[in-house]
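Structure record follows, encoded as structure tokens.
The values are calculated or read from the model by the stated rules, or taken from the named source; none is laboratory data. The model shown is predicted, which means the values in this text are computed figures rather than measured ones. Glycine also receives a Cβ, built like all others from the backbone with ideal geometry; neighbour counts cover every protein chain displayed. Accessible surface areas use protein heavy atoms only, side chains included; no ligands, DNA or RNA. Shrake-Rupley method; radii C 1.70, N 1.55, O 1.52, S 1.80 Å.
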Amino acid sequence: MNLQGYLCERKQWIETALSERLPAAAVEPKNIHEAMRFAVLSSGKRLRPIFVLTVADLSGEKPEKLLDTACAIEFVHTASLILDDLPCMDNAQSRRGEPCTHVKFDQASALLAAMALLSKAFELVAHNAVVLGRDQRASQAVSLLSDAICTKGLVYGQALDLAYTGKNASLTLLHDIHHLKAGVLFLASLRIPAILLDMSKEAVDALTTYANAVGLAFQITDDLLDAAHPEEDAGKSTFATHLGVNGAHQKVSSLVKEAIAAVSCFGERAVVLQALAHYVESREQ
């Protein structure tokens, strides 16, 4: 399949949907809405929301029916980046070649923008259940999103990451941090739409295994990309420092094989998910 063409098309759909679902910058409170739009609409791969749309491909549903959930996932991802960059967290100054949200605006606006994005995400997931005519699934979908964000997910991962900054984290702990800081959103990207589309338990379980493997592979490739610029993560424990560059590459390859095997039950419909797993392994940014 032409994966690049697929990614480009789906990214364009998502970019349009994100802009439509964000408050207009001219509406009060203007500074918060401007900060939200700046943070969300800055350049990004949109990989997590693209995963949401792949679930529609599996089920035979029209992908545009899942755009609310796709945008919700991206709003959560963006909010986590806003918070991660703050002076009290990673104290970053730039992201993707642009100033961080708290630098472009101010810390208060960044915090409020992140809160607004998280709130909007829950609204969108619940609304998506209504759009699909599966109102009864709204509560479960919202609960899954909550699990991804709260002290079972992103919040816990960030807390662990902060606690072990400058310390030697074990490989097991590093796995937990990667899963909680990033893997949970890949999991939500596949489980929430599967629940909303009323897919079977077997299908949800297969997507769960796939998401866990791809999420960890994605973070290890991040470690490998950072290994080319040692000054960025100086003194920080990573899979590359634990396993060596070759060992980390082997771990990614093993995870990709696990992911591809997990979705083989979907037959030819899994071709996009399998291609995306290979994309995660070979990405260069």
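Could the peptides 183-192, 147-156 be put in order, highest first, of the mean number of other beta-carbon atoms found within 10 Å of their residues?
Going by the mean number of other Cβ atoms within 10 Å, highest first, we get 183-192, 147-156.
Checking a compactness column here: for the stretch 233-285, what do you get for Rg(Cα) / (2.2 N^0.38 Å), N being the number of residues? Provide the component values of the computation, followed by the final result.
Numbers: Rg = 13.8 Å, N = 53, 2.2 N^0.38 = 9.9 Å.
Compactness ratio reported: 1.38.
One Cα centroid belongs to the stretch 250-272, the other to the stretch 74-94; the line between them spans 31 Å. For the stretch 11-80, a/c is not less than 1.5, where a ≥ b ≥ c are the root eigenvalues of the C-alpha gyration tensor, and a/b tops b/c. That puts it in the prolate class.
Legend: P(r) of the stretch 105-253 from all alpha carbon pair distances, 10 Å bins from 0, whole percents, reading 11, 32, 31, 20, 6, 0.
Mind pulling up the Rg/Rh value for the stretch 59-186? Radius of gyration and Kirkwood radius, both on Cα. Can you show the working numbers first?
Numbers: Rg = 16.3 Å, Rh = 15.9 Å.
Here Rg/Rh amounts to 1.03.
Add +1 for every Lys or Arg and -1 for every Asp or Glu among the other residues with Cβ under 12 Å from the Cβ of Lys257, and state the total. That sum, taken over residues with Cβ under 12 Å, equals -1. Counting 0.36 nm for each residue step from Val130 to Thr209 and taking away their Cα separation leaves a gain of 25.7 nm. Working note: Karplus 6.51/-1.76/1.60 with θ = phi - 60° gives the stretch 155-172 the couplings 4, 5, x, 5, 4, 5, 4, 5, 5, 10, 5, x, 10, 8, 7, 5, 4, 5 Hz, where Gly and Pro are set to x. Annotation: amide H-H contacts under 5 Å for Arg95 (H modelled 1.01 Å from N, sequence separation of 5 or more, or interchain): Cys100.
Please compute the net charge surrounding Ala129, taking Lys and Arg as +1 and Asp and Glu as -1 over other residues with Cβ under 12 Å from its Cβ. Write down the numbers at each step before the final one.
Working: positive: Lys65, Arg134, Arg137; negative: Asp68, Glu123, Asp135, Asp198.
Here the charged neighbours net out to -1.
Would you please report the Å³ per residue occupied by the convex hull of the alpha carbon atoms in the chain?
Numbers: hull volume 35.1 nm³, N = 285.
Per residue, the Cα convex hull of the chain comes to 123 Å³.
Since only Ala159, Ala92, Asn128 are under comparison, the one whose Cα sits farthest along the positive direction of the charge dipole of the stretch 89-181, derived from C-beta charges on Lys, Arg, Asp and Glu, is Asn128. Carbon-plus-sulfur fraction of the accessible area of the stretch 123-282, 1.4 Å probe, in percent? Its accessible area is 54 percent carbon and sulfur atoms.
Take peptides 89-97, 36-44 and line them up by average Cβ neighbours within 10 Å, highest first, as a rough protection proxy. List each step's numbers first, then the result.
Values: 89-97: 12.9, 36-44: 19.6.
Order by mean packing, descending: 36-44, 89-97.
Summing +1 for each Lys or Arg and -1 for each Asp or Glu, what net charge is found among the other residues whose Cβ lies under 13 Å from the Cβ of Phe38? Walk me through the numbers on the way to the answer.
Details: positive: Lys30, Arg37, Arg95, Arg96, Lys104; negative: Glu34, Asp85, Glu98, Asp106.
After counting each charged neighbour, the total is +1.
Dividing the summed -39500 (n - 2.57) terms of all DSSP H runs of n ≥ 4 by the residue count of the chain sets its mean residue ellipticity at 222 nm at -23000 deg cm²/dmol. A 1.4 Å probe run over the protein chains yields, for the stretch 67-183, 45 Å² of accessible area per residue, whole-number rounding.
Give me the dipole magnitude in Debye, nearest 20, for the chain about the Cα centre, with unit charges on the beta carbon: positive for Lys and Arg, negative for Asp and Glu. Don't skip to the answer; put the middle values down first.
On the way: 26 positive and 33 negative charges, 62 e Å.
So the magnitude is around 300 debye.
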